[in-house]
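K.L.:
Sharing a structure here in C-alpha cells format.
The values are calculated or read from the model by the stated rules, or taken from the named source; none is laboratory data. Keep in mind it's a predicted model, so treat the numbers as computed, not measured. Cβ atoms come from the backbone with ideal geometry, glycine included; neighbour counts cover every protein chain shown. Each accessible area value is taken on the protein alone, full model and side chains, heavy atoms only, with ligands, DNA and RNA left out. Shrake-Rupley method; radii C 1.70, N 1.55, O 1.52, S 1.80 Å.
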Amino acid sequence: MSHHSSPPPKHKGEHKGHGLPRGSERGSSSRDKDRSATTVSSSAPMPAGGKSSRTNCPPPAPPKTANRLINEKSPYLLQHAYNPVDWYPWGQEAFDKAKKENKPIFLSVGYSTCHWCHMMEEESFQNEEIGRLLNENFICVMVDREERPDVDKVYMTFVQATSSGGGWPMNVWLTPGLQPFVGGTYFPPEDGLTRVGFRTVLMRICDQWKLNKNTLLENSQRVTTALLARSEISVGDRQIPASAATMNSRCFQQLDEGYDEEYGGFAEAPKFPTPVILNFLFSYWLSHRLTQDGSRAQQMALHTLKMMANGGIQDHVGQGFHRYSTDRQWHIPHFEKMLYDQAQLSVVYTQAFQISGDEFYADVAKGILQYVTRTLSHRSGGFYSAEDADSPPERGMKPQEGAYYVWTVKEVQQLLPEPVVGASEPLTSGQLLMKHYGLSEAGNINSSQDPKGELHGQNVLMVRYSLELTAARYGLEVEAVRALLNTGLEKLFQARKHRPKAHLDNKMLAAWNGLMVSGFAVTGAALGMEKLVAQATNGAKFLKRHMFDVSSGRLKRTCYAGTGGTVEQSNPPCWGFLEDYAFVVRGLLDLYEASQESSWLEWALRLQDTQDKLFWDPRGGGYFCSEAELGTDLPLRLKDDQDGAEPSANSVSAHNLLRLHSFTGHKDWMDKCVCLLTAFSERMRRVPVALPEMVRTLSAQQQTLKQIVICGDPQAKDTKALLQCVHSIYVPNKVLILADGDPSSFLSRQLPFLSSLRRVEDRATVYIFGNQACSMPITDPCELRKLLHQ
C-alpha cells in the first residue's frame, strides 16, 4: 500500500482489471490509515519502501536564488521554484542534457493541491543534501499532471503495471531516451524500521546505473514493448460493437454486487463520488423501468446521492463537494475541492431531481453552482481548477489538512448563542445546529482518521437527523428548524471568511471548463434558471476568447489568472489534448440545447473536425489521448480506456459523435462512433464496470437517439413552454432542436427536412423522430410530457 495521493493501490489495479471503478487517482489524506507505505515499481530489482509519517517542522526559509521553474506559469511548478533541486520543466533542454551527460532522468509528477506532493516537497525536495544527490546524479524534471496529462498517463501506466498501484506524487526514473526503469509514489526522506527512504533509493539507483546500466536499459526496453502491446486498443477482426443489452446487464450486476446498502456508494473506504456510475444507473433505470433491476438501479443512485449530500463530503457551510470520504459513512473527507467534481455532480443531482421530483436534489445542485460561482470563477467567465485541502489553522502557523473546514463546539456556541423561542426545553441556536449536524465536545473525528492528532476536538458537519426528527425532538415546526439552521450556517460561513484560506489553483483547463459549461447549462435549463445558462454562455465565451487559436482551429490546454483580473498564457502555448476537445464539445452541445444559440453548435462541429484530424486512429479506431507530434518524445501513445473521476475522453467522444450525427445527419460521425465502440468492445466485454459511460453510449447508439424538434419563435411563450417541458424531464438519449422556420439557418442547412415542418394553427409545435418514425405534431406541453415519459 502507498502513502500517496490516490486510492489504495489495489483499487487502482482493480479499476484497470476487474473491480469497481474508483472515483479518482487523486487526493489522499494523512488520515487514511490503510495507506502508510511507499510504492516502488521497477523493471529491475530495486528497494521496496515502507511506512511513513508527515513531519511537523516549520517551513524552511527560501533559498536566495530560484531555479528554472520560476519562469513557469503552473502553480505546481512555481511551488517548487525555490527548491535546492536543479529542476527542469518537461522539454528538449532536459532531454538533451541527459543524453549529453549520460545521466538518468528523475521525473516527478504531481499537482498543486496534492497533499502528499506537498509532503514530499517539504521533506525531500527542500532538503539540501537530497537536493545535492539529485543534482549530481540525475537530470531532474518536474511536471504538472494537469498541464501534461499525456506524460502523466504514460508513466502512470508503467508504475501501475510494475507495482501494486499508483498515485501522486509519482516519481519515475527514466533512461536518457525517456524509457522508465524504476517508479513509485510518495517516498519518506529517510529509512525507518520498515521502510526505505528517498535518500537510500537515490543512492541505490545511482549504484545500479553505474554497475548495471546495460541491464537497466534492456529491461526498460522490454517493459516498454510489453506495455505497448498490452495497451493497444483496436478494431481488429471485429465488425460490429458488442451487444448493448449484454454489456448493460453485466455492468449493472457488477455495480449491484459492490453496492453499500446502508450508506450508498460502491466501496468500504475510501469512498468517491462517481458521477459516471450514477449516470449509468439512471440511464439503466430508464430503459428497465418496469423491471426489478430498473427500480433497484434508481434506488441505488438516489440513495447514494442523498447519503453523499448529507455527509461531511459536502461542505454544509460553503457548499460544494470535497474530493472523497475517508470512511464508509461519507463523513470525514479529504478536503480538497476539484472543479471536475463540482461540474459532474451538479449534472447528476439535477438528473436526480428530474427523475424524483424531490427539491432536495435541486437544492444540492444549486448549492454546488453557488460555490463554483463564488470561489472557482474568474471574472472573465473561466473556472479555476481546485482548492487545496491544507491551510493554516491561524495566520503564521503551518498548514494542516481540513483546518479551514472544521469546528469546535466552543466556536459554534460563541457564534450562535441566541435562545430558540418555542422549543420544548432550553435551547440555543448553536445547540440546535450541533444536534442536527452531529457535533460533540470531544470532536466527531475518529482518532484512526487523525493519526497526527491535528484535528483533536474538531468536528466535520454531517446531517445526523431529518428536519422532521430534529423538529420533533424540540417541539418545533419543520420550517422554523430549517430557517434556524440556514441562519446558523450563514453565520458560520461569515465567520469562516476570517480564517486563513486554502491555496487556490487558479490554473484554468479547457477540459474542466468544458465540463463546467455542461454543469451550468444542464442545471440551468432543467431548473428554468436563465442566470445559470448565462454563466454557461460566459464560460463558453471565455473558452473561445482565451483558449482557442483561431488561425489553427486548435484548443489551448491551459491559461492562468493574472494580476488585476487578467488572463495569462504560457509561451509557447500548451495545446489541447483529446479530453479538452471531447469535454468542450460536450459542453457546447449542452449549451446549444439550453440556449438554442446555434453558434455554439457550429463551433462544436468545427472542434470535432479538428479533434478527428489530430487524434483519430484511422487504423485501429478510437482516439489517442495526445497529438502524434506533441508526444513524439514519449515511449507510448495511449488511448484512454477508463471512466473514473472524469469520464474517459473516448467515452465522451463516442456520445458526442452520436449527438452530432443527429444534429447534422453527417454519416461519417456515426461511422466513427460505431468504429470507436467496436474498438473498445473487448475492454467493455472484459470489465464493463470500468467503462460505464461508454456502455451507456453503446446503448444509446443501438437504441438510436430521439430528435425532438420544436418549431416556433424562440422568444414566444408557447415555444419556451415546450422547451422547458423537454428540459424538465430526464431524457438522456435525445437531441433537442429548435427550428425557427428560416431555411437559411445553420440547422436547416444541415437537416433540410426541418424546412418542411409546419406549426399547427400557428402555435409552437413539437415533432419527435426516432426509430425511423415521426410522432404526430404536439402543441400542448402536457401531451408532450406524457409522450416523453413513455
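K.L.:
I'd like the projected area of segment 358-432, averaged over all directions, using the convex hull of its alpha carbons. Report it in nm² with one decimal.
P.N.:
Working: hull surface 35.0 nm².
Quarter of the Cα hull surface area: 8.8 nm².
K.L.:
Rg (Å, one decimal) plus Dmax (Å, integer) for the alpha carbons of segment 551-641?
P.N.:
Final numbers for Rg and Dmax: 15.1, 49 Å.
K.L.:
Rounded to the nearest 0.05, what FRET efficiency is calculated for K100 and R619 with R0 set to 30 Å and r the Cβ-Cβ distance? Walk me through the numbers on the way to the answer.
P.N.:
Values: r = 36 Å, r/R0 = 1.20.
Calculated transfer efficiency: 0.25.
K.L.:
I've got another one for you. Put +1 on the Cβ of every Lys and Arg and -1 on every Asp and Glu Cβ in the chain; which of G741, G712, Y437 then has its Cα farthest towards the positive end of the dipole?
P.N.:
Value computed over the given set: G741.
K.L.:
Quote the accessible area belonging to M508 in square angstrom, nearest 10, computed with a 1.4 Å probe and with ligands, DNA and RNA left uncounted.
P.N.:
Using a 1.4 Å probe on the heavy atoms, I get roughly 0 Å².
K.L.:
A follow-up question, please. Over the chain, what relative contact order in percent results from Cα pairs under 8 Å that are six or more residues apart? Before the final figure, lay out the partial values.
P.N.:
Numbers: 1643 pairs, mean separation 100.6, N = 790.
Computed over the chain, the figure is 13 percent.
K.L.:
Give me Rg/Rg_expected for segment 409-563, where Rg uses Cα atoms only and Rg_expected = 2.2 N^0.38 Å with N residues. Spell out each step's value before the answer.
P.N.:
On the way: Rg = 22.2 Å, N = 155, 2.2 N^0.38 = 15.0 Å.
In units of the 2.2 N^0.38 Å rule of thumb, it is 1.49.
K.L.:
From the mean inverse distance of alpha carbon pairs (Kirkwood) and the Cα radius of gyration, derive Rg over Rh for segment 171-212. Could you put the intermediate results ahead of the total?
P.N.:
Working: Rg = 11.3 Å, Rh = 11.2 Å.
Radius of gyration relative to Kirkwood radius: 1.01.
K.L.:
Here is a further query. Out of the total accessible area of the chain (probe 1.4 Å, heavy atoms of protein only), what percent is carbon and sulfur?
P.N.:
Working: 14820 of 29420 Å².
Taking all protein chains in place, the chain shows 50 percent carbon and sulfur surface.
K.L.:
Name the shape class, rounded, prolate or oblate, that the alpha-carbon gyration tensor gives for segment 658-790, where a ≥ b ≥ c are the square roots of its eigenvalues, rounded holds for a/c under 1.5, and otherwise prolate holds if a/b is larger than b/c and oblate otherwise. Kindly include the intermediate steps, with their values, before the conclusion.
P.N.:
Values: a/c = 2.88, a/b = 1.77, b/c = 1.62.
Judged from the Cα gyration tensor, segment 658-790 comes out prolate (a/c at least 1.5, a/b above b/c).
K.L.:
If you don't mind, there's one more thing I want to ask. Any idea what Rg and Dmax come out to for segment 408-456 if you just take the C-alpha atoms, in Å?
P.N.:
Cα-based Rg and Dmax for segment 408-456 come out at 13.3, 43 Å.
K.L.:
What ranking do 521-529, 585-593 get when scored by the average of other Cβ atoms within 10 Å per residue, highest first?
P.N.:
Numbers: 521-529: 23.3, 585-593: 26.7.
Descending mean neighbour count gives 585-593, 521-529.
K.L.:
While we're looking at this one, here's another question. Using the crude model of +1 on Lys and Arg Cβ and -1 on Asp and Glu Cβ, and no other charge, please compute the dipole size for the chain relative to its Cα centre, in debye to 20. Show your work: numbers first, answer last.
P.N.:
Values: 84 positive and 87 negative charges, 129 e Å.
My answer is approximately 620 debye.
K.L.:
For a test of the definition: using alpha carbon positions, the gyration tensor, and the 1.5 limit on a/c, classify segment 304-382 as rounded, prolate or oblate. List each step's numbers first, then the result.
P.N.:
Values: a/c = 2.06, a/b = 1.11, b/c = 1.86.
Here segment 304-382 falls in the oblate category.
K.L.:
Would you mind giving the average projected area, over all directions, of the Cα convex hull of segment 636-718 in nm² with one decimal? Don't skip to the end; give the middle numbers.
P.N.:
Details: hull surface 31.4 nm².
Dividing the Cα hull surface by four gives the mean projection, 7.9 nm².
K.L.:
Quick one: how many Å² of L784 are accessible to a 1.4 Å probe, rounded to 10?
P.N.:
Counting only protein heavy atoms, the figure is 0 Å².
K.L.:
Still on this structure, I have one more. Expressed in nm², what is the orientationally averaged projection area of the convex hull enclosing the Cα positions of segment 472-591? All intermediate terms of the calculation are to be shown ahead of the outcome.
P.N.:
Details: hull surface 45.9 nm².
Mean shadow area of the hull around the Cα atoms is 11.5 nm².
K.L.:
Same structure, new question: At 1.4 Å probe radius, can you tell me the per residue accessible area of the chain in Å²?
P.N.:
Details: 29420 Å² over 790 residues.
Spelled out: the 1.4 Å probe surface of the chain, per residue, equals 37 Å².
K.L.:
With a ≥ b ≥ c the root eigenvalues of the C-alpha gyration tensor of segment 463-503, is it rounded (a/c under 1.5), prolate (a/b larger than b/c) or oblate? Provide the component values of the computation, followed by the final result.
P.N.:
Numbers: a/c = 4.49, a/b = 2.65, b/c = 1.70.
In terms of gyration-tensor shape, prolate.
K.L.:
List the pair-distance distribution P(r) of the chain, using every Cα-Cα distance, as the percent of pairs falling in each 10 Å bin from 0 up to the bin containing the longest distance, rounded to whole percents.
P.N.:
That works out to 3, 13, 23, 26, 19, 11, 4, 1, 0, in percent per bin.
K.L.:
Any idea of E530's accessible area? Nearest 10 Å², probe 1.4 Å.
P.N.:
140 Å²
K.L.:
What is the ratio of the Cα radius of gyration of segment 330-476 to 2.2 N^0.38 Å, where N is its residue count, to two decimals? Don't skip to the end; give the middle numbers.
P.N.:
Numbers: Rg = 17.9 Å, N = 147, 2.2 N^0.38 = 14.7 Å.
In units of the 2.2 N^0.38 Å rule of thumb, it is 1.22.
K.L.:
Moving on to the next point. Work through the residues other than K541 whose Cβ is under 13 Å from its Cβ and net out their charges, Lys, Arg +1 and Asp, Glu -1. Walk me through the intermediate numbers first.
P.N.:
Values: positive: R379, K544, R545; negative: E597.
Local net charge: +2.
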